[in-house]
Amino acid sequence: MDNETARKIRENLTADCTKCFGLCCTALNIVASSDFPINKPAGTPCMNLQSDYSCHIHSQLRNQGFKGCTVFDCLGAGQVVSQVTFNGLSWRENPDIGKKMFQVFPIMEQIHEMITYVAEALSYAIPDDLAGKLRKQLNELQDLTKLDADNLLALDLVKYRFSLNDLLTSTSDFVRRNTIVKMPVVQELEEFDHARANWMGKKLKGKDLRATDFRGAYLIAEDMRNTDLRVVNFIGTDLRDVNFSGADLSTSMFLTQMQINSAKGNVKTKLPYYIHRPSHWNN
Ligand code: SF4
């Protein structure tokens, strides 16, 4: 598989709600919060879900307190569960399959998330042995998406996450090191490691943070306006309400649409090829 094919796989992992039976609006257990105004038990359709599986308040979600719905992204898991695992049968007309369908949805979501990371890793120019291991992992994960419901429910996803973690860290280290050696002042990779750190309240606006490792870090509500964030590893970083207006994320690594949907930005924010500019970034 070449870098371009991997890039296409990553790019195409997006939700197509027209092929999904409203699974995110039905399957999940949602507790009332500032992001969702009501308690909604797992397996119960949201009161705003219409008979055609569209949302009655789609254009007013934020105004009506449903901000969380504009952040959520299933990475295409919903349409795969609806059309592949359950072969186009809906829980509405076939209530007997509903319970299983709702249990499979979060499992498929996790598989799709892992596929996005592996495909992105394979889109970079990385050593052959690392690419070989990632290709093997990608094939295994893609095969999992074709399993039937019972086999999906029996999966132990932890073992996949465990091996994936090392491969993604190696990819990030390799790509970031290649960036660091081209910087005017060459530094050690370790100096860019801020994994799992709490960075809330730091003054990062306008800084050159290229090649930083922010994996698992807390950056909630951080001011990152006009910050250079190219080749930054953002895997698992909490980016809620971070202000990315004018920031350069064009080559940031391992971002997800949900992370970006939970942050703030504007038309000047540069985003990676696989991230859509959120419609609520309107200035
Ligand atoms: S408010 Fe709309 S998008 Fe949110 S869960 Fe309900 S039906 Fe789905």
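The values are calculated or read from the model by the stated rules, or taken from the named source; none is laboratory data. Being a predicted model, the structure only gives us computed values, none of them experimental. Note that each Cβ is placed from the backbone with ideal geometry, even for glycine, and that neighbours are counted across all protein chains shown. Surface accessibility is based on the protein's heavy atoms, side chains included, excluding ligands, DNA and RNA. Shrake-Rupley method; radii C 1.70, N 1.55, O 1.52, S 1.80 Å.
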Quiz item: With every protein chain in place, what's the accessible area of Arg225 (1.4 Å probe, Å², nearest 10)?
Solution: 90 Å²
Exercise. Hey, can you find the accessible area per residue of the stretch 186-283 for me, probe 1.4 Å, expressed in square angstrom?
Key: 46 Å²
Quiz prompt | In Hz, Karplus ³J(HN,Hα) per residue of the stretch 66-83 (6.51, -1.76, 1.60; θ = phi - 60°; x = Gly, Pro) | solution = 9, 3, x, 5, 7, 9, 4, 8, 8, 6, x, 5, x, 6, 6, 4, 5, 9
Quiz item: Cα convex hull of the stretch 186-283: mean projected area in nm², to one decimal?
Solution: 5.5 nm²
Quiz item: In Å, the Kirkwood hydrodynamic radius of the stretch 56-139 over pairs of distinct alpha carbons?
Solution: 15.4 Å
Practice problem: Heads up, I need the accessible area for Thr256: 1.4 angstrom probe, whole protein in place, Å², nearest 10. | Solution: 20 Å²
Quiz item: Extension gain Thr179-Ala125, at 0.36 nm per residue separation less the Cα-Cα distance, in nm?
Solution: 18.2 nm
Quiz prompt | Shape box of the chain [Cα atoms, principal axes, largest first, Å] | solution = 64, 44, 28
Quiz item: What is the set of long-range amide H partners of Thr251 at a cut-off below 5 Å, with H atoms built 1.01 Å from backbone N?
Solution: Val231
Exercise. Taking 7 Å along the Cα-to-C-beta vector as the label spot, tell me the Val158-Lys268 distance in nanometres, rounded to one decimal.
Key: 4.7 nm
Quiz item: Once the stretch 7-84 is represented by equal point scatterers at the alpha-carbon sites, with solvent omitted, what log10 I(q)/I(0) does the Debye formula produce at q = 0.25 Å⁻¹?
Solution: -1.28
Exercise. Quick one: which residues, 5 or more positions from Asp193 or on another chain, have an amide H under 5 Å from its amide H? H modelled 1.01 Å from N in the peptide plane, none for Pro or chain starts.
Key: Asp213
Exercise. Filter the GluC sites (Glu not before Pro) in the stretch 181-246 to those in DSSP coil with at most 10 other Cβ atoms within 10 Å of their Cβ, and list the result.
Key: Glu188
Quiz item: Using modelled backbone amide H atoms (1.01 Å from N, in-plane), which distant-in-sequence or interchain residues come within less than 5 Å of Ala263's amide H?
Solution: Asp241
Exercise. At a Cα cut-off below 14 Å, give the aspartates and glutamates reachable from Lys67, other chains included and same-chain residues fewer than 8 away excluded.
Key: Asp35, Asp241
Quiz item: What does the helix-only formula give at 222 nm for the chain: each DSSP H stretch with n ≥ 4 adding -39500 (n - 2.57), the total divided by the residues, and the result rounded to the nearest 500 deg cm²/dmol?
Solution: -11000 deg cm²/dmol
